[in-house]
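Heads up: the structure comes next, in structure tokens.
Bear in mind that the values in this text are calculations on the coordinates, not laboratory data. All values reported here derive from a predicted model rather than from experimental measurement. Here the Cβ is made from the backbone with ideal geometry for all residues, glycine too, and neighbour counts use every protein chain on show.
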Amino acid sequence: MEKRTVTASSDNRTIAKYAAAAFGGRPDVVEYGHEELDLTVGILECKDRPTQGVTAYSTIKLSDYPMLDGEKEFPMRLELCTAFASSYSIAANILATAAFIVMRTNRVCFPGAVIENAVREYDPDSLLPHLYLTSPFLWENDLKSLKLPAGNTVTWLLAIPVAQTEVDYLCNHNAQSLESIFESRQIDFFNPHREAVL
């Protein structure tokens, strides 16, 4: 994946400022380019947020692309966020990969959805190869839906690495049940190498 000079529209800059304010700290933004397609996405990161030794990330520019429900455009635009241990150097690449998957497919993402193999592309030995999407509870009071001047409304979903066994459980049950297990087991959301709980 190629790093490029950041190009941003007025909406992109508004989104970046909003995400940075929600995370706190000093933001940096790097633009990533798809290796084969004419796609780019910005990744904003804030170190030591939401806690020391952890880095918060948000996509910028994913919301330039609509999500489609059949042929009908979904009324919200999407950005993805996550947080990893700062030592996990490929975190931004993983989030950019997830964004490219959404851009290419125009799929509707929602709490409880899974982006398959988004981790595996950059961490092939990971026991948590997929990304589970949920509400951004780490910043629930600050990272809410954002109405842009041009008219689109942007919402964020938090991407959490999950194991295949956890995805299988989700398919046979529901998101609420899986998240209840995550909560009861107090999983370390920031650890990309945690053990699966199922």
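Assorted remarks:
- Filter pass, Tyr122 being out of contact with any His (no Cβ under 7 Å at 6 or more places or on another chain) and closer than 30 Å to Ser9 by Cα: yes
- Counted residues, region 9-50 - those being out of contact with any Asp or Glu (no Cβ under 9 Å at 6 or more places or on another chain) and free of Cβ contacts under 8 Å to residues at least 24 places away in the same chain: 5
- Residue that is nearest to the chain's Cα centre (by Cα), among those in region 144-198 that are of a type in the set (Val, Ile, Thr) and surrounded by 13 or more Cβ atoms within 10 Å (Cβ to Cβ): Ile160
- Selection status of Ile115, surrounded by 19 or more Cβ atoms within 10 Å (Cβ to Cβ) and either of a type in the set (Asp, Glu) or touching a helix residue (DSSP H, G or I) at 6+ places or on another chain (Cβ under 7 Å) (or both): yes
- Scanning region 54-68 for residues that are touching a residue at least 40 places away in the same chain (Cβ under 8 Å) and not charged (D, E, K, R) yields Val54, Ala56, Ser58, Thr59, Ile60, Leu62, Ser63, Tyr65, Pro66, Met67, Leu68.
- Total residues in region 137-193, condition among the small types (Gly, Ala, Ser), assigned to a loop (DSSP other than H, G, I, E, B) and in contact with a strand residue (DSSP E or B) (Cβ under 7 Å, 6 or more places away or on another chain): 1
- Strands (runs of 3 or more DSSP E) contained entirely in region 8-87, each with at least 2 residues that are small (Gly, Ala, Ser) and under 26 Å from Phe110 (Cβ atoms): 54-60
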